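Asker: Let me begin by handing over the structure; questions about it come next.
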Amino acid sequence: QEDVYNHYWHPMQEELEEDLTEFIRHYLMRNGLFVNKGDVYFTLKDRVSDRDALEALKEIAIFAKHYQKLLQPSRESNRSLQMVLKRLNRLEVTTTYPFLLNCYDDYVNGKISADEFVEIVKTLENFVIRRFVCNVPTNQLNKIFPVLYGQAQLQNSSNLSQSVKNILQARNYPKDAEFRTRLIESKLYGAGHRAGKTKLILESLEAAHNHKEQVPFENLSIEHVMPQTMSSWWQQNLGESWQIDHELCLHTLGNLTLTAYNSELSNDPFTRKRINLLKSHLELNRYFERVSDWNRTEIEKRAEKLADDALRIWPWFGEDEIKPVNVQTV
């Protein structure tokens with residue numbers, strides 16, 4: 001018993017620490033059963049009592065290694081898979097983990113290739129990003145992902161990535177028209193997880209230009225071109241409708257960019273902000289070369305351009321309406 005503990009259970013405790021219970025929960029859910037956080041111990045006990053305890057522990061230890069790579073993608077040796085998992089982690093959708101545990105096990109055992117696994121993770125990112133932009137409630141994700149692997153296997157076990165797309169299309173997955181409209185109009189920036197997701201969207205829009213020299217996004221922050229705190233200059237520049245325009249446009253995609261000059265820009269007039277934005281090497285900010293004023297019309301015009309770019313980065317799963325763009329540098 002002590003040997004079993006030292007060989008299997010203790011290494012999991014050492015590696016996963018406070019994440020161990022949540023791992024066991026996701027492991028138990030990978031076959032489609034939803035498990036509440038308070039029921040993990042009893043569910044595991046019932047599950048193991050039906051089979052050899054040592055064999056069950058061996059399997060749990062294998063899946064624990066998969067889980068470590070989901071939590072820390074830098075442990076994954078395949079660079080492409082590592083990058084897409086890092087992106088997915090930034091979206092903070094741990095609800096995908098029961099499904100991804102099965103995919104990881106298939107990948108490790110040679111049932112799916114690295115390329116197919118990468119495509120599956122990109123599909124999940126696409127699904128989550130589109131639903132986030134379109135404000136689709138997230139409370140159904142706990143029901144969607146635990147059963148997804150089994151459903152995909154039943155549909156077509158020889159092409160898992162395509163089966164996943166087919167199934168997720170029918171799970172409140174926004175089509176192009178809705179996605180584009182909401183990208184232009186929605187208040188993307190906000191408290192909690194919204195800022196992190198919005199920054200990933202902006203980084204992806206920048207990375208889609210495929211510069212040979214990688215942009216260090218870690219040092220950049222989100223900048224509101226029309227500032228959150230309105231000065232008298234901005235009020236006068238926007239005119240009588242400044243309050244309405246500020247409320248409607250402040251947190252929308254067209255008014256957001258990335259910069260390392262955030263503290264310096266503050267609520268400066270646009271003429272001064274523009275000078276600093278043009279010092280940037282980002283394509284997102286090169287846009288301002290051809291803009292001399294900043295108001296609701298210009299914000300909406302830029303949002304339309306960025307929305308069109310986003311449609312190529314996260315194309316709809318169905319017909320190839322728009323040629324996809326490969327984003328590898330975020």
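The values are calculated or read from the model by the stated rules, or taken from the named source; none is laboratory data. Keep in mind that what you see is a predicted model, and the values were worked out from it rather than measured. Note that we place each Cβ from the backbone using ideal geometry, even for glycine, and neighbour counts take in every protein chain shown. Keep in mind that these areas ignore ligands, DNA and RNA; they rest on the heavy atoms of the full protein, side chains included. Shrake-Rupley method; radii C 1.70, N 1.55, O 1.52, S 1.80 Å.
Asker: Is there a residue being within 23 Å of LYS86 (Cα to Cα), in contact with a Ser or Thr (Cβ under 6 Å, 6 or more places away or on another chain) and of a type in the set (D, E, K, R) anywhere in segment 127-137?
Answerer: no
Asker: Select from segment 285-315 the residues that are open to solvent by 50 Å² or more (accessible area, probe 1.4 Å) and either in contact (Cβ under 8 Å) with a residue 60 or more places away in the chain or out of contact with any Leu (no Cβ under 8 Å at 6 or more places or on another chain) (or both) and list them in ascending order.
Answerer: Passing the criteria: ARG290, SER292, ASP293, THR297, GLU300, LYS301, GLU304, LYS305, ASP308, ARG312.
Asker: Which helices (runs of 4 or more DSSP H) does segment 81-172 wholly contain that include 3 or more residues that are of a type in the set (S, T, N, Q)?
Answerer: So the answer is 141-156, 160-168.
Asker: Of all residues in segment 1-35, which are surrounded by fewer than 10 Cβ atoms within 10 Å (Cβ to Cβ) and either touching a residue at least 12 places away in the same chain (Cβ under 8 Å) or assigned to a loop (DSSP other than H, G, I, E, B) (or both)?
Answerer: Listed by number, the list holds a single entry, GLN1.
Asker: For segment 48-59, which positions are farther than 16 Å from TRP9 by Cβ and part of a helix (DSSP H, G or I)?
Answerer: Within segment 48-59, SER49 is the sole residue that qualifies.
Asker: Looking at segment 56-78, which of its residues are open to solvent by 30 Å² or more (accessible area, probe 1.4 Å) and under 18 Å from the mean Cα position of the chain (by Cα)?
Answerer: LYS69, LEU71, GLN72, SER74
Asker: So which pairs qualify, if the first residue must be in segment 93-105 and in contact (Cβ under 8 Å) with a residue 24 or more places away in the chain and within 12 Å of ARG25 (Cα to Cα), the second must be open to solvent by less than 10 Å² (accessible area, probe 1.4 Å) and charged (D, E, K, R), the Cβ gap must be under 8 Å, and the two must be at least 6 apart or on different chains?
Answerer: Qualifying pairs under 8 Å: none.
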